[in-house]
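Notes follow the structure.
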Amino acid sequence: MTLRNVIRSMLKEAETPERTGVAPRGGFERTGVAPPGAEGTPPIPALQSGRGPLPPASADIPPDPAVVYRDQVARVAQKVGKALGMMEIRYLARSKRPYGAYAYSAISPNYMNVIIKISPEHELAGYQKIEEIKQSLPADVAKHFPHIYKITNLKKLGIEWPKSDPTDNDRNLGVIVMEVLDELPGPVYDLIKQPPAADDFVLEVFLNDTVLLNDFIEKYLITQQVHNVIESFLDNAKPDYTVADIEDVKTAIKDRLMLIRNFKYPRFEPSILNRVDFRKPTQRIAALKPQIKRLVHQALKRFNPGIEMIDDTVTTLANEFSDEIVNQDRAIPTEPSMGGRYGVMSGTNMLTSFKRAVKYMTNHGIFVSDLHANNLMLRPESMDIVIADLGHFEQESSLPPAPSF
């Protein structure tokens, strides 16, 4: 074959790339990067990908409004930084809501690291309200709020909203400059996010916290249901029992149940990931029941006149103890002011101060809301948990303000 025929054959193949089974290289319009000097060069049909010709310009898909909004906020953030004399404005994170808050890191004019939050204007009220009453709050409550350096909005800064279309509405977003906070460590995040039965890690933390487990068992043993079960057991085991015997049984059960903290949950075994019976909280917690049953059995053994009389009692107590763990709420409720219940994990040492602060605010007319794990952060110097998003906080006008201390 002559050189001319070879070239002709290659050109013919280039005109029908779909027959080769391999998309030919080229067509930089797909990559978003044009070679130097090629910006004005139209794409060559023969070098497009083998998926067919590009659609005509008139068939362009309209841009996603959320993406447009993101880009607009990014431009606004740079202007905000410039207006405030900030440097090194860099994107950090954003709310899960499409039009929620965006956070940027920055360096202030006095060379301090800060966070700039660009948020819906209506959320400024929560920040302003907390700033007004913060000085009157006890120190152990106020420390769980962020240090706010400035609260303003785009109009006050003389910044216009960059419209993507002349018919777009103006937006006057809020601007909050605040201290830099760290993300919650994984263990703390899990404790706040999930109740024990919903997460393997949280369950392990619960079982291995001696103080927390002790308190939980004591509360469990003073319930009327447990009292009735123990009395029913003693009717058969020791008909002439006294109140002291009931307390002896409770003490024996408590001492044995405390040994559950030595139980090693098998979540690190690779085979666990594929086990159907570990996919639901109630199924995972059921893995504890054999351990509980064995310990209760040992606790009641010395009171038992015959093995046939103990099984029902042991099973009942084991089921009730497991159900008590399953029915616990998450440590910190999302909406404490709406009556959200605190779960057993709120008693762990790292959360007790924060829990007390939230309860104080709720009792003093401060409407505490939206306390999910993503809205809570850590002050690295003091290791205090801080409520990073105050946009949904309010103070009930019908109640007196928090007292001064």
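The values are calculated or read from the model by the stated rules, or taken from the named source; none is laboratory data. Nothing here was measured: the structure is a model prediction, and the numbers come from that model. Glycine also receives a Cβ, built like all others from the backbone with ideal geometry; neighbour counts cover every protein chain displayed. The accessibility values were calculated without ligands, DNA or RNA, using every heavy atom of the protein model including side chains. Shrake-Rupley method; radii C 1.70, N 1.55, O 1.52, S 1.80 Å.
Observations, loosely collected:
- In the set (1) among the β-branched types (Val, Ile, Thr); (2) surrounded by 19 or more Cβ atoms within 10 Å (Cβ to Cβ); (3) at pLDDT below 85; (4) within 30 Å of residue 252 (Cβ to Cβ), residue 366 fails one condition alone, (4).
- When the criteria are applied in full, residue 285 meets the requirement of being within 19 Å of residue 194 (Cβ to Cβ), outside any loop (DSSP other than H, G, I, E, B) and either open to solvent by less than 30 Å² (accessible area, probe 1.4 Å) or at pLDDT below 70 (or both).
- Any hit, segment 311-333, residues being in contact with an Asp or Glu (Cβ under 6 Å, 6 or more places away or on another chain), open to solvent by less than 40 Å² (accessible area, probe 1.4 Å), more than 24 Å from residue 237 (Cα to Cα) and small (Gly, Ala, Ser): no
- Complete set of residues in segment 134-182 that are assigned to a loop (DSSP other than H, G, I, E, B), more than 26 Å from the chain's Cα centre (by Cα) and of a type in the set (Lys, Arg): 155, 156, 163, 171
- Among the residues of segment 334-352, those identified as closer than 21 Å to residue 219 by Cα and assigned to a helix (DSSP H, G or I) are 344, 345, 346, 347, 349, 350, 351, 352.
- Taking the criterion of being hydroxyl-bearing (Ser, Thr, Tyr) and more than 21 Å from residue 390 (Cα to Cα), the residues of segment 151-177 that qualify are 164, 167.
- In segment 108-137, residue farthest from residue 161 (Cα to Cα) [restricted to those that are in contact with a strand residue (DSSP E or B) (Cβ under 7 Å, 6 or more places away or on another chain) and open to solvent by 70 Å² or more (accessible area, probe 1.4 Å)]: 113
Rundown of residues vs (1) among the β-branched types (Val, Ile, Thr); (2) in contact (Cβ under 8 Å) with a residue 40 or more places away in the chain; (3) surrounded by fewer than 18 Cβ atoms within 10 Å (Cβ to Cβ), yes/no style:
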| position | (1), (2), (3) |
| --- | --- |
| 219 | no, no, yes |
| 224 | no, no, yes |
| 231 | no, no, yes |
| 235 | no, no, yes |
| 238 | no, yes, yes |
| 242 | yes, no, yes |
| 246 | yes, no, yes |
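- Applying a threshold of 8 Å to beta carbon distances and a minimum spacing of six or more residues, or different chains, the list of pairs starting in segment 183-210 at a residue that is in a helix (DSSP H, G or I) and ending at one that is of a type in the set (D, E, K, R) and open to solvent by 50 Å² or more (accessible area, probe 1.4 Å) reads 189/183; 200/267; 201/267; 204/267; 207/261; 208/261; 210/261.
- Filter result (under 14 Å from residue 340 (Cβ atoms) and over 18 Å from the mean Cα position of the chain (by Cα)) within segment 364-378: 367
- As a summary of the residue check, residue 164 satisfies the conditions (1) among the hydroxyl-bearing types (Ser, Thr, Tyr); (2) open to solvent by 40 Å² or more (accessible area, probe 1.4 Å); (3) free of Cβ contacts under 8 Å to residues at least 60 places away in the same chain except for the one numbered (3).
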